[in-house]
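A.B. asks: Input: one structure, supplied below.
Where a number appears in this text, it was derived from the coordinates with a stated rule and is not lab data. What you see is a predicted model, and the numbers here were worked out from it, not measured in a lab. Backbone-built Cβ (ideal geometry, glycine too); neighbour counts: all protein chains shown.
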């Protein structure tokens, strides 16, 4: 697949990294900064073109005339939209994906019709990060909360502690503890290494446990891994940028929200958008300010400025001063493992959150959702089974008969309104939504091939 990435910023570089690691992809990156492109080319097996992403001659040099997908990820919405328009009008590129940061554009879906601005997929990293944090606040104690099958199924990652009912016991004890629930432990990470769980696996304190369950059963499963925490009431946000403001807007109706912004002009702007949240002008790294605002009574402190070093230090300070839980926005994935500890509870990587949305539209076969896990090392995938037993490699077959790559397991099947926990003898039917967990994302091509149908399928 020929993929053209426009923009070599944080999101564009991350997309280039993930997509170039897959043998089936030919990746070309366009940017106006030759030094950034040289660095990328030294690290990755990609082509690079220096130039403005929306210029026809630049796109032609980059190979837009035979590209399968154009992914416009520059830092300017207008450039991204025009680039998609040029790719469609001049080169008839089949799939156009654009990063749209402005909420004003996102509010006007008619703008992105084929006879207007032909953008097939719109991605807002800021909104994706906001939604991600919201889910974490709904399930306090979770490290990741990911939706599948239109929200009917959720995959949750949590660190086991001694207060969890299942800690120190075999996984098979789940049937006794919560007999009337449907769920499955999909993966366990112990000391950074993946374990393939079975009924005899014992959950240890400190294990990072990923389980999948119907939405209504998530809390019951959480209680098996760790103590259920009190609902989040008080939230403090450091940074009034796009993410900080969107999060405050989303939370203010049901939570007590304070947002700290150091720029007085920006603080005034966001105060006009917010109805109930309190906007404070000041530096979130100011110890005196945090103490005055009762930081020790804050349930969750979110450090969401555009400087990751400031986010790390501010979150650490808030934790030391008594905040119950702290989150920090960290752009470099390599930093997340370093800081996610007892000091910073959750490190949020925008690239890892965004890349899943991109991958779902790049994957072959009918892949509905892709979620990046464990800082990109693993993936959870929702794929739809099409065709019949002749055309498809999965339809009409038992799970135990499928040629799944090592480290990959089918954990759940959503059939209509039914959520079915997969067993070795479960037979996959047409139109089933199949949720897989992969501990080694490098083998994704085998999964794509598995869910593609033969040429006779229409």
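A.B. asks: What's the center-to-center distance, using Cα atoms, between the range 152-209 and the range 107-131 in Å?
C.D. replies: Value for the Cα centre distance between the two parts: 38 Å.
A.B. asks: Now for a separate question. Across all directions of projection, what mean area in square nanometres is found for the Cα convex hull of the range 228-351?
C.D. replies: 7.3
A.B. asks: Order the peptides 97-106, 395-404 from the highest to the lowest mean number of other Cβ atoms within 10 Å of their residues.
C.D. replies: Highest to lowest by the protection proxy: 97-106, 395-404.
A.B. asks: Okay, next question. How high is the relative contact order of the range 355-451, given as a whole-number percent (alpha carbon pairs under 8 Å, six or more residues apart)?
C.D. replies: For the range 355-451, the relative contact order is 32 percent.
A.B. asks: How do 62-69, 308-315 rank on mean C-beta neighbours within 10 Å, highest first?
C.D. replies: 308-315, 62-69
A.B. asks: With an 8 Å Cα cut-off and a minimum separation of 6 or more residues, compute the relative contact order for the range 234-348 in percent.
C.D. replies: 23
A.B. asks: Mind sorting 84, 302 by how few other Cβ atoms lie within 10 Å of their own Cβ, fewest first?
C.D. replies: 84, 302
A.B. asks: If one computes P(r) from the Cα atoms of the range 141-225, what percent of pairs lie at distances over 22 Å?
C.D. replies: 16
A.B. asks: Got a sec? How would 271, 172 order by Cβ neighbour count within 10 Å, fewest to most?
C.D. replies: 172, 271
A.B. asks: What percent do you get for the relative contact order of the range 2-123 when only Cα pairs under 8 Å and 6+ apart count?
C.D. replies: Relative contact order comes out at 23 percent.
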